Amino acid sequence: MTTRLLLLFLCSAIIAGCDSTRDAAEKSNPRIQKGLEQAQLKRWDDAIRQFQTALDNHPGFSRPNLELALIYHQQKKDYVQAIYHYERYLEKQPDSDKAPLIADWIRQAKISLVAQVGQSNRGINEEIIRLTRENNLLRKQLEDLQTAAEAPAPSHPAPSSEAETKPDPALAKVAEPKEVKPEPIPPAEKPPARIQTPAPTPETYTVLPGDTLSKIARTVYGDISKWKDIYSANMDKMENENDLKAGQVITIPKP
C-alpha cells in the first residue's frame, strides 16, 4: 500500500514537472512575448500574427490559443474564431484552473454570435423589403408609360380653303424700284514723269612708281578684280594691262 502511494506521488510530480516545463517554454517563446507586447500597445492585428506564428511553429502550445480567443472575443468581435480558440485551449489544458471561466466565456461568445447573426438577418430582410418596394414602384411607372403610349393622339381640324387662298396684303404690295444713277468715273491719273539720272563722271588717277592695275583697283575700289574695269576705260592710252608709266594719268570709272 505504501509503495502504491509512493508511485502515485511520483507520477503526479512528473506530470506537474512536465506542465511547468511547458509553461516555462511558452512564456519564454519570442513570438508569444512579441504578441503580448503588441497586445499591450493595442496593435491587435500584429498581436494576432505573432500568436498565430507561435501556434504554427508549436502546435502543442496552449497559451497562443487563449490569447487569440481573448482578442477575437473582446476586440475583433469575431465570435466564431473566439469559440474555436477557447475550445482548442480546453482540449490542450482540460485540468486548467481557468476551465470554468473559459467555459463561461464560450457561452457568452455563442450568445453574442446568435445576436450578431440575427442582426445580420434583420438587415438582409430590411434590404429585401426596400428592393421589393422599389421594384413595385418601377413596375407601376412602366405601366403608366405603356398606357400613355397606347392612348390615341388628339385630332386637329383641317384648315379651311378660304384661309389658304386669301392673299396676304403685306405680300401683295410690291415696292416700286428706285432709279439708280451711275457714279461718275474719275479721270485716269497720268503716270509720273521719269527722272533721268545723269551718268557718273569718271575720276582720274596719277600712276605712281611700282603701280599695277591690281594695286590701283585695290586702292580705289578695295577689290583687285576691278582692274579689268580700269583697263577697259583706258584702252586708248595703254597697249596692254601692263603698259603703265609713273606720272601717267588714267581714268578711273565710277562703280
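Bear in mind these aren't lab numbers, they're just calculated from the coordinates by the rules spelled out. Keep in mind the model is a prediction, meaning the values are calculated, not measured. Positions of Cβ are backbone-derived with ideal geometry, glycine not excepted, and every protein chain shown enters the neighbour counts.
For the reader, a short list of remarks on this structure follows.
- For the residue pairs K27/K77; K42/K98; K42/K76; K27/K110; K226/K254, the alpha carbons lie more than 19 Å apart in K27/K77; K42/K98; K27/K110.
- Full extension of the chain segment joining N57 with N136 gains 22.7 nm, where the gain is 0.36 nm per residue of separation less the Cα-Cα distance.
- A Förster distance of 25 Å, applied to the separation of the beta-carbon atoms of Q75 and I129, puts the FRET efficiency at 0.15.
- By average C-beta atoms within 10 angstrom, highest first, the peptides 239-245, 101-107, 58-64, 122-128: 58-64, 101-107, 239-245, 122-128
- Stokes-Einstein translational diffusion, the range 14-118 - Kirkwood Rh over all Cα pairs, 0.890 mPa s, 25 °C, in µm²/s: 173
- The range 46-122 and the range 235-255: distance between their alpha carbon centers, rounded to Å: 128
- S28-D95 pseudo-label distance in nm [points 7 Å out on the Cα-to-Cβ vector]: 2.4
- For the range 203-252: relative contact order, % (alpha-carbon pairs under 8 angstrom, 6 or more apart): 55
- Cleavage-rule hits (trypsin sites (Lys or Arg not before Pro)) in the range 39-92: DSSP loop, at most 10 neighbouring Cβ within 10 angstrom: K42
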